[in-house]
1. Where residues in the range 279-320 are in contact with a Ser or Thr (Cβ under 9 Å, 6 or more places away or on another chain) and of a type in the set (S, T, N, Q), which of them is farthest from Asp226 (Cα to Cα)?
2. Take Gln277 and tell me if it is open to solvent by 80 Å² or more (accessible area, probe 1.4 Å), at pLDDT below 90 and among the polar types (S, T, N, Q).
3. Identify the residue in the range 243-266 that is within 18 Å of His309 (Cα to Cα) and assigned to a loop (DSSP other than H, G, I, E, B) and, among all such residues, is least open to solvent (accessible area, probe 1.4 Å).
4. Which of the residues spanning the range 213-242 are surrounded by 19 or more Cβ atoms within 10 Å (Cβ to Cβ) and under 30 Å from Ser298 (Cβ atoms)?
5. Among the residues of the range 198-212, count how many are farther than 25 Å from Gln284 by Cα and open to solvent by 50 Å² or more (accessible area, probe 1.4 Å).
6. For the structure I just gave you, tell me whether Ala292 is farther than 15 Å from Phe200 by Cα, free of Cβ contacts under 8 Å to residues at least 40 places away in the same chain and buried (at least 17 other Cβ atoms within 10 Å of the Cβ).
7. Has the range 189-197 got any residue that is more than 58 Å from the chain's Cα centre (by Cα), of a type in the set (A, V, I, L, M), at pLDDT below 90 and loosely packed, with under 15 Cβ neighbours inside 10 Å?
8. May I ask you to verify whether Asp269 is open to solvent by 80 Å² or more (accessible area, probe 1.4 Å), without any contact (Cβ under 8 Å) to a residue 60 or more places away in the chain, over 17 Å from Val303 (Cβ atoms) and out of contact with any Ser or Thr (no Cβ under 7 Å at 6 or more places or on another chain)?
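The values are calculated or read from the model by the stated rules, or taken from the named source; none is laboratory data. Please read all numbers here as calculations on a predicted model, not as lab measurements. Because the Cβ atoms are built from the backbone with ideal geometry, glycine has one as well, and the counts that use them run over all protein chains shown. Calculation scope for accessible area: heavy atoms of the full protein, side chains included, ligands and nucleic acids excluded. Shrake-Rupley method; radii C 1.70, N 1.55, O 1.52, S 1.80 Å.
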Amino acid sequence: MSFTNQKQGTGMPGAKRFNWIMGALLLGALVTIGVFISKNNQLETDGDKLSLTLEDLDQKKMQLEKEMVVMDSSYQTQITQNDSLAVALEVRVTEIDELEGKLWSMRKKLETSQEEKDQITARLSQLAELKIALEEDIVSLQNSNAELREENEQLASDLQISNDEIASLNEELQEVSLANSQLTKRLFEVAPAGFLAENFSVTAKKRNDKLTANARQAQTINVAFDLNDVPEEYQGAEEIYLVVTEFNGNPIKDLDTKEFTVKSAEPIDVLAADITQTTLAERQSVEMSFAADRDLQSGMYNVMVYADHGFLGATTFQLQ
(Lines give C-alpha, C1' and ligand atoms only; values in the text may rest on other atoms or scores of the structure.)
Protein backbone atom coordinates (compact mmCIF):
# COMPACT_ATOMS: atom_id res chain seq x y z
CA MET A 1 0.00 0.00 0.00
CA SER A 2 2.80 2.16 0.92
CA PHE A 3 4.87 0.97 -2.10
CA THR A 4 2.17 2.04 -4.52
CA ASN A 5 1.98 5.32 -2.96
CA GLN A 6 5.74 5.79 -3.08
CA LYS A 7 5.96 4.84 -6.76
CA GLN A 8 3.16 7.12 -7.60
CA GLY A 9 4.74 9.74 -5.46
CA THR A 10 8.18 9.55 -7.33
CA GLY A 11 6.64 9.39 -10.84
CA MET A 12 8.99 10.69 -13.55
CA PRO A 13 12.28 10.86 -11.72
CA GLY A 14 12.43 7.05 -11.44
CA ALA A 15 12.09 6.56 -15.15
CA LYS A 16 14.95 8.92 -15.88
CA ARG A 17 17.18 7.09 -13.58
CA PHE A 18 16.30 3.91 -15.29
CA ASN A 19 16.94 5.37 -18.67
CA TRP A 20 20.17 6.81 -17.51
CA ILE A 21 21.29 3.46 -16.21
CA MET A 22 20.30 1.66 -19.32
CA GLY A 23 22.08 4.23 -21.41
CA ALA A 24 25.13 3.84 -19.34
CA LEU A 25 24.98 0.11 -19.73
CA LEU A 26 24.46 0.41 -23.45
CA LEU A 27 27.37 2.78 -23.72
CA GLY A 28 29.50 0.41 -21.74
CA ALA A 29 28.41 -2.42 -23.97
CA LEU A 30 29.27 -0.44 -27.06
CA VAL A 31 32.62 0.54 -25.65
CA THR A 32 33.24 -3.06 -24.71
CA ILE A 33 32.22 -4.22 -28.16
CA GLY A 34 34.48 -1.61 -29.72
CA VAL A 35 37.33 -2.62 -27.56
CA PHE A 36 36.68 -6.28 -28.34
CA ILE A 37 36.49 -5.57 -32.07
CA SER A 38 39.69 -3.56 -31.85
CA LYS A 39 41.41 -6.31 -29.94
CA ASN A 40 40.06 -8.91 -32.29
CA ASN A 41 41.38 -6.99 -35.24
CA GLN A 42 44.65 -6.62 -33.45
CA LEU A 43 44.66 -10.32 -32.68
CA GLU A 44 43.87 -11.14 -36.29
CA THR A 45 46.70 -8.86 -37.36
CA ASP A 46 49.01 -10.41 -34.79
CA GLY A 47 47.80 -13.84 -35.86
CA ASP A 48 48.61 -13.06 -39.43
CA LYS A 49 51.96 -11.76 -38.37
CA LEU A 50 52.47 -14.81 -36.15
CA SER A 51 51.48 -17.08 -39.02
CA LEU A 52 54.00 -15.35 -41.20
CA THR A 53 56.61 -15.56 -38.44
CA LEU A 54 55.98 -19.30 -37.95
CA GLU A 55 56.33 -19.90 -41.68
CA ASP A 56 59.58 -18.00 -41.64
CA LEU A 57 60.72 -19.90 -38.62
CA ASP A 58 59.73 -23.18 -40.23
CA GLN A 59 61.65 -22.24 -43.35
CA LYS A 60 64.60 -21.18 -41.24
CA LYS A 61 64.29 -24.46 -39.32
CA MET A 62 64.37 -26.41 -42.56
CA GLN A 63 67.26 -24.27 -43.75
CA LEU A 64 69.06 -24.85 -40.46
CA GLU A 65 68.39 -28.59 -40.68
CA LYS A 66 69.89 -28.61 -44.17
CA GLU A 67 72.85 -26.62 -42.89
CA MET A 68 73.14 -29.02 -39.94
CA VAL A 69 73.22 -31.97 -42.36
CA VAL A 70 75.89 -30.22 -44.38
CA MET A 71 77.81 -29.28 -41.23
CA ASP A 72 77.50 -32.84 -39.87
CA SER A 73 78.84 -34.23 -43.13
CA SER A 74 81.64 -31.65 -43.02
CA TYR A 75 82.25 -32.49 -39.38
CA GLN A 76 82.50 -36.21 -40.15
CA THR A 77 84.82 -35.39 -43.01
CA GLN A 78 86.89 -33.25 -40.69
CA ILE A 79 86.99 -36.03 -38.10
CA THR A 80 88.17 -38.49 -40.75
CA GLN A 81 90.75 -35.99 -41.95
CA ASN A 82 91.83 -35.31 -38.37
CA ASP A 83 92.22 -39.03 -37.71
CA SER A 84 94.30 -39.34 -40.87
CA LEU A 85 96.27 -36.27 -39.87
CA ALA A 86 96.80 -37.68 -36.36
CA VAL A 87 98.15 -40.92 -37.80
CA ALA A 88 100.30 -39.00 -40.25
CA LEU A 89 101.45 -36.77 -37.41
CA GLU A 90 102.46 -39.79 -35.32
CA VAL A 91 104.36 -41.15 -38.31
CA ARG A 92 106.06 -37.79 -38.75
CA VAL A 93 106.89 -37.61 -35.03
CA THR A 94 108.39 -41.11 -35.24
CA GLU A 95 110.35 -40.12 -38.33
CA ILE A 96 111.53 -36.97 -36.56
CA ASP A 97 112.65 -39.03 -33.54
CA GLU A 98 114.51 -41.40 -35.85
CA LEU A 99 116.08 -38.47 -37.67
CA GLU A 100 117.08 -36.90 -34.36
CA GLY A 101 118.65 -40.23 -33.33
CA LYS A 102 120.51 -40.45 -36.62
CA LEU A 103 121.56 -36.84 -36.28
CA TRP A 104 122.87 -37.48 -32.76
CA SER A 105 124.68 -40.59 -33.99
CA MET A 106 126.17 -38.66 -36.88
CA ARG A 107 127.28 -35.90 -34.53
CA LYS A 108 128.94 -38.47 -32.25
CA LYS A 109 130.60 -40.05 -35.27
CA LEU A 110 131.76 -36.63 -36.40
CA GLU A 111 133.15 -35.93 -32.92
CA THR A 112 134.82 -39.37 -32.92
CA SER A 113 136.11 -38.78 -36.43
CA GLN A 114 137.52 -35.45 -35.32
CA GLU A 115 139.19 -37.09 -32.33
CA GLU A 116 140.55 -39.84 -34.58
CA LYS A 117 141.70 -37.21 -37.04
CA ASP A 118 143.50 -35.35 -34.27
CA GLN A 119 145.02 -38.61 -33.04
CA ILE A 120 146.08 -39.58 -36.57
CA THR A 121 147.54 -36.12 -37.08
CA ALA A 122 149.48 -36.38 -33.82
CA ARG A 123 150.55 -39.92 -34.72
CA LEU A 124 151.69 -38.81 -38.17
CA SER A 125 153.69 -36.06 -36.53
CA GLN A 126 155.27 -38.62 -34.19
CA LEU A 127 155.93 -40.94 -37.12
CA ALA A 128 157.56 -38.12 -39.03
CA GLU A 129 159.84 -37.46 -36.07
CA LEU A 130 160.42 -41.19 -35.70
CA LYS A 131 161.26 -41.44 -39.40
CA ILE A 132 163.91 -38.76 -39.01
CA ALA A 133 165.28 -40.53 -35.94
CA LEU A 134 165.23 -43.89 -37.76
CA GLU A 135 167.03 -42.43 -40.73
CA GLU A 136 169.69 -41.10 -38.38
CA ASP A 137 169.82 -44.50 -36.64
CA ILE A 138 170.16 -46.23 -40.02
CA VAL A 139 173.15 -44.08 -40.86
CA SER A 140 174.58 -44.78 -37.41
CA LEU A 141 173.88 -48.52 -37.80
CA GLN A 142 175.53 -48.57 -41.19
CA ASN A 143 178.61 -47.06 -39.63
CA SER A 144 178.33 -49.48 -36.70
CA ASN A 145 177.88 -52.41 -39.10
CA ALA A 146 181.10 -51.50 -40.82
CA GLU A 147 182.85 -51.45 -37.46
CA LEU A 148 181.11 -54.70 -36.46
CA ARG A 149 182.26 -56.38 -39.65
CA GLU A 150 185.81 -55.47 -38.78
CA GLU A 151 185.27 -56.66 -35.20
CA ASN A 152 183.62 -59.86 -36.44
CA GLU A 153 186.60 -60.55 -38.64
CA GLN A 154 188.86 -59.96 -35.65
CA LEU A 155 186.61 -62.13 -33.46
CA ALA A 156 186.58 -64.87 -36.06
CA SER A 157 190.36 -64.77 -36.02
CA ASP A 158 190.40 -64.73 -32.21
CA LEU A 159 187.80 -67.52 -32.15
CA GLN A 160 189.97 -69.67 -34.32
CA ILE A 161 192.86 -69.02 -31.96
CA SER A 162 190.56 -69.78 -29.00
CA ASN A 163 189.36 -72.97 -30.63
CA ASP A 164 192.93 -73.99 -31.11
CA GLU A 165 193.63 -73.15 -27.46
CA ILE A 166 190.51 -75.02 -26.36
CA ALA A 167 191.53 -78.02 -28.37
CA SER A 168 194.94 -77.83 -26.73
CA LEU A 169 193.34 -77.42 -23.29
CA ASN A 170 191.02 -80.33 -23.97
CA GLU A 171 194.03 -82.44 -24.73
CA GLU A 172 195.65 -81.26 -21.50
CA LEU A 173 192.38 -81.84 -19.63
CA GLN A 174 192.14 -85.31 -20.98
CA GLU A 175 195.71 -85.91 -19.93
CA VAL A 176 195.02 -84.48 -16.43
CA SER A 177 191.78 -86.45 -16.16
CA LEU A 178 193.64 -89.57 -17.12
CA ALA A 179 196.30 -88.72 -14.55
CA ASN A 180 193.60 -88.17 -11.90
CA SER A 181 191.92 -91.43 -12.80
CA GLN A 182 195.24 -93.21 -12.57
CA LEU A 183 195.97 -91.47 -9.23
CA THR A 184 192.55 -92.46 -7.85
CA LYS A 185 193.04 -96.00 -9.07
CA ARG A 186 196.49 -96.03 -7.51
CA LEU A 187 195.13 -94.73 -4.19
CA PHE A 188 192.49 -97.44 -4.12
CA GLU A 189 195.25 -99.95 -4.76
CA VAL A 190 197.83 -98.75 -2.23
CA ALA A 191 195.53 -97.30 0.46
CA PRO A 192 192.13 -98.94 0.33
CA ALA A 193 189.92 -98.08 3.32
CA GLY A 194 187.86 -101.21 2.92
CA PHE A 195 184.69 -99.25 1.97
CA LEU A 196 183.83 -96.39 -0.43
CA ALA A 197 182.56 -92.82 -0.36
CA GLU A 198 179.71 -92.50 -2.92
CA ASN A 199 177.03 -90.08 -4.13
CA PHE A 200 179.20 -86.95 -3.81
CA SER A 201 177.50 -83.54 -3.80
CA VAL A 202 179.56 -80.30 -3.85
CA THR A 203 177.89 -76.89 -3.39
CA ALA A 204 179.33 -73.38 -3.05
CA LYS A 205 177.57 -70.82 -0.84
CA LYS A 206 177.84 -67.06 -0.42
CA ARG A 207 177.92 -65.19 2.88
CA ASN A 208 174.09 -65.17 3.00
CA ASP A 209 174.02 -68.97 2.53
CA LYS A 210 172.70 -68.64 -1.01
CA LEU A 211 174.14 -70.99 -3.62
CA THR A 212 176.61 -69.66 -6.16
CA ALA A 213 178.92 -70.92 -8.88
CA ASN A 214 181.06 -67.79 -8.89
CA ALA A 215 184.57 -68.28 -7.49
CA ARG A 216 184.80 -64.69 -6.19
CA GLN A 217 181.44 -64.95 -4.38
CA ALA A 218 182.04 -68.39 -2.86
CA GLN A 219 182.49 -68.20 0.90
CA THR A 220 182.09 -71.85 1.86
CA ILE A 221 182.39 -75.10 -0.09
CA ASN A 222 180.19 -77.93 1.26
CA VAL A 223 180.91 -81.56 0.42
CA ALA A 224 178.41 -84.34 1.19
CA PHE A 225 178.76 -88.05 0.51
CA ASP A 226 177.50 -91.45 1.65
CA LEU A 227 179.44 -94.22 3.35
CA ASN A 228 177.57 -97.45 2.71
CA ASP A 229 178.28 -101.13 3.36
CA VAL A 230 180.90 -100.36 6.01
CA PRO A 231 182.37 -103.68 7.18
CA GLU A 232 181.79 -104.47 10.83
CA GLU A 233 185.49 -104.37 11.67
CA TYR A 234 185.64 -100.70 10.56
CA GLN A 235 182.50 -99.62 12.36
CA GLY A 236 183.18 -97.36 15.34
CA ALA A 237 185.10 -94.11 15.94
CA GLU A 238 186.84 -92.83 12.83
CA GLU A 239 188.42 -89.60 11.57
CA ILE A 240 187.52 -88.46 8.04
CA TYR A 241 189.85 -86.09 6.12
CA LEU A 242 188.76 -83.79 3.29
CA VAL A 243 191.53 -82.93 0.80
CA VAL A 244 191.14 -80.30 -1.96
CA THR A 245 193.65 -79.79 -4.79
CA GLU A 246 193.84 -78.07 -8.13
CA PHE A 247 192.68 -80.22 -11.02
CA ASN A 248 196.26 -81.11 -11.89
CA GLY A 249 196.79 -82.41 -8.35
CA ASN A 250 198.83 -79.47 -7.06
CA PRO A 251 197.99 -78.06 -3.59
CA ILE A 252 195.94 -74.82 -3.46
CA LYS A 253 198.03 -71.89 -2.32
CA ASP A 254 196.89 -69.93 0.75
CA LEU A 255 194.20 -72.50 1.56
CA ASP A 256 194.00 -73.14 5.32
CA THR A 257 194.96 -76.82 5.74
CA LYS A 258 196.49 -79.21 8.28
CA GLU A 259 198.92 -82.00 7.51
CA PHE A 260 198.00 -85.54 8.52
CA THR A 261 199.30 -88.98 7.77
CA VAL A 262 196.86 -91.60 6.59
CA LYS A 263 197.75 -94.85 8.37
CA SER A 264 197.24 -97.10 5.37
CA ALA A 265 199.40 -100.02 4.25
CA GLU A 266 201.53 -97.40 2.55
CA PRO A 267 201.23 -94.23 4.77
CA ILE A 268 200.20 -91.10 2.84
CA ASP A 269 200.76 -87.50 3.98
CA VAL A 270 197.78 -85.27 3.13
CA LEU A 271 196.85 -81.60 3.60
CA ALA A 272 193.31 -81.74 5.05
CA ALA A 273 191.02 -78.74 4.50
CA ASP A 274 188.54 -80.25 6.98
CA ILE A 275 188.51 -83.07 9.51
CA THR A 276 185.48 -84.64 11.16
CA GLN A 277 185.28 -87.18 13.96
CA THR A 278 182.45 -89.66 13.43
CA THR A 279 181.24 -93.03 14.60
CA LEU A 280 180.82 -95.28 11.60
CA ALA A 281 177.81 -97.55 11.21
CA GLU A 282 176.94 -99.75 8.31
CA ARG A 283 175.36 -96.79 6.45
CA GLN A 284 175.55 -93.03 6.99
CA SER A 285 175.76 -89.65 5.23
CA VAL A 286 178.65 -87.32 6.01
CA GLU A 287 178.85 -83.57 5.46
CA MET A 288 182.12 -81.61 5.46
CA SER A 289 183.12 -78.10 4.39
CA PHE A 290 185.96 -75.63 4.15
CA ALA A 291 186.25 -71.84 3.82
CA ALA A 292 187.08 -70.60 0.34
CA ASP A 293 187.58 -66.94 1.36
CA ARG A 294 188.75 -65.89 -2.13
CA ASP A 295 191.44 -68.55 -2.15
CA LEU A 296 189.80 -70.34 -5.06
CA GLN A 297 189.97 -69.10 -8.63
CA SER A 298 187.66 -70.11 -11.44
CA GLY A 299 188.44 -73.58 -12.71
CA MET A 300 188.23 -77.30 -11.92
CA TYR A 301 189.17 -78.77 -8.51
CA ASN A 302 189.62 -82.23 -7.04
CA VAL A 303 188.01 -83.38 -3.77
CA MET A 304 189.40 -86.50 -2.10
CA VAL A 305 188.17 -88.15 1.08
CA TYR A 306 190.32 -90.29 3.38
CA ALA A 307 189.66 -92.23 6.55
CA ASP A 308 192.46 -92.41 9.09
CA HIS A 309 193.38 -95.84 7.68
CA GLY A 310 192.82 -95.44 3.90
CA PHE A 311 191.41 -93.76 0.78
CA LEU A 312 187.58 -93.54 0.46
CA GLY A 313 186.89 -91.83 -2.87
CA ALA A 314 187.11 -88.64 -4.95
CA THR A 315 185.11 -86.23 -7.11
CA THR A 316 185.59 -82.92 -8.94
CA PHE A 317 183.79 -79.53 -8.95
CA GLN A 318 184.03 -76.37 -10.98
CA LEU A 319 183.81 -72.65 -10.14
CA GLN A 320 183.27 -69.98 -12.74
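1. Gln320
2. Values: open to solvent by 80 Å² or more (accessible area, probe 1.4 Å): yes; at pLDDT below 90: no; among the polar types (S, T, N, Q): yes.
Here the answer is no, as Gln277 does not meet what is asked.
3. Here is the first cut: in the range 243-266, the ones within 18 Å of His309 (Cα to Cα) are 243, 258-266.
Going one step further and asking which of them are assigned to a loop (DSSP other than H, G, I, E, B), we end up with 263-266.
Details: Lys263: 154, Ser264: 16, Ala265: 96, Glu266: 95 Å².
The residue in question is Ser264.
4. To start, the set of residues in the range 213-242 that are surrounded by 19 or more Cβ atoms within 10 Å (Cβ to Cβ) comprises 218, 221, 223, 225, 227, 230, 240-242.
Listed by number, the residues that qualify are Ala218, Ile221, Val223, Phe225, Ile240, Tyr241, Leu242.
5. Looking only at the range 198-212, we keep the residues that are farther than 25 Å from Gln284 by Cα, and these are 206-208, 210, 212.
Cutting the leftovers down to open to solvent by 50 Å² or more (accessible area, probe 1.4 Å) gives us 206-208, 210.
Selection size over the range 198-212: 4.
6. Working: farther than 15 Å from Phe200 by Cα: yes; free of Cβ contacts under 8 Å to residues at least 40 places away in the same chain: no; buried (at least 17 other Cβ atoms within 10 Å of the Cβ): yes.
The answer is no for Ala292.
7. First, the residues of the range 189-197 that are more than 58 Å from the chain's Cα centre (by Cα): 189-197.
Restricting the remaining residues to those that are of a type in the set (A, V, I, L, M) gives 190-191, 193, 196-197.
Narrowing further to those that are at pLDDT below 90: 190-191, 193.
Subset that is loosely packed, with under 15 Cβ neighbours inside 10 Å: 190.
Yes: the range 189-197 contains one or more residues that are more than 58 Å from the chain's Cα centre (by Cα), of a type in the set (A, V, I, L, M), at pLDDT below 90 and loosely packed, with under 15 Cβ neighbours inside 10 Å.
8. Working: open to solvent by 80 Å² or more (accessible area, probe 1.4 Å): yes; without any contact (Cβ under 8 Å) to a residue 60 or more places away in the chain: yes; over 17 Å from Val303 (Cβ atoms): yes; out of contact with any Ser or Thr (no Cβ under 7 Å at 6 or more places or on another chain): no.
For Asp269, the condition - open to solvent by 80 Å² or more (accessible area, probe 1.4 Å), without any contact (Cβ under 8 Å) to a residue 60 or more places away in the chain, over 17 Å from Val303 (Cβ atoms) and out of contact with any Ser or Thr (no Cβ under 7 Å at 6 or more places or on another chain) - is not met.
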